[in-house]
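The values are calculated or read from the model by the stated rules, or taken from the named source; none is laboratory data. The model shown is predicted, which means the values in this text are computed figures rather than measured ones. Note that we place each Cβ from the backbone using ideal geometry, even for glycine, and neighbour counts take in every protein chain shown.
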Amino acid sequence: MRKRLLTFLIVMVSAVALLGFTGCGKKPEPKPEPKPAAPQAPRQEAPRPQVQEPVRRVEERATVPADLKLSSIFFDFDKSDIRSDQRSAINRNAELLKQYPSVSIRIEGHCDERGSDEYNIALGNRRAEATKRYLAEYGIASNRIQTISYGESRPVDPGHTEAAWAKNRRSEFVITAR
């Protein structure tokens, strides 16, 4: 028992001594404060030679015509992908938007009357977003484009035939800023 107590005391003293050596470090010496610099006389720069600045050409922006109109594009029944026969119309719109970078637009997605109101709002949104993505891939900044879906609520042809429905399945381009 005595031997155990002696071993325990040696271990404890060693541990305390070890902690004492490692725990106490030398305090860092305070850094001397910098002495204030003597006031200096203001520096005089040598006069610059007179060089005429080149006249900078102001880039002229194309004036947006008041009658600028963008074409609608049309979709197949229950589809939101851009049809191959509609690419020329959307490409013309993209070229006009590139020509007039100050123009911002709203793409309105529309559907025919078939389907529920909720479904047609969602489909019109997919059509508007697909149109926006196409323009963005063409190089038109997406911050110039807003989208909205009107579903079946704004038909261009109120008829109840396939010909009328084909006219109503569209994305329209509305200029919001010139």
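Summary table
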item	result
Residues satisfying the stated conditions in segment 142-153, i.e. surrounded by 13 or more Cβ atoms within 10 Å (Cβ to Cβ) and either without any contact (Cβ under 8 Å) to a residue 40 or more places away in the chain or of a type in the set (Lys, Arg) (or both)	Arg144, Ser153
Filter result for the condition that a residue is surrounded by 13 or more Cβ atoms within 10 Å (Cβ to Cβ) and more than 30 Å from Thr63 (Cβ to Cβ), over Glu108, Glu118, Glu129, Glu162	Glu129
Entirely in segment 65-178, the helices (runs of 4 or more DSSP H) that have 1 or more residues that are of a type outside the set (A, V, I, L, M, F, W, C) and touching an Asp or Glu at 6+ places or on another chain (Cβ under 7 Å)	117-138, 162-168
Test: Ala89 is among the small types (Gly, Ala, Ser), surrounded by 10 or more Cβ atoms within 10 Å (Cβ to Cβ), under 19 Å from Ala141 (Cα atoms) and modelled with pLDDT of 95 or more	yes
Test: residue in segment 34-49 that is closer than 30 Å to Asn168 by Cα, acidic (Asp, Glu), assigned to a loop (DSSP other than H, G, I, E, B) and at pLDDT 60 or above	no
Test: Asn143 is closer than 24 Å to Arg178 by Cβ and within 16 Å of the chain's Cα centre (by Cα)	yes
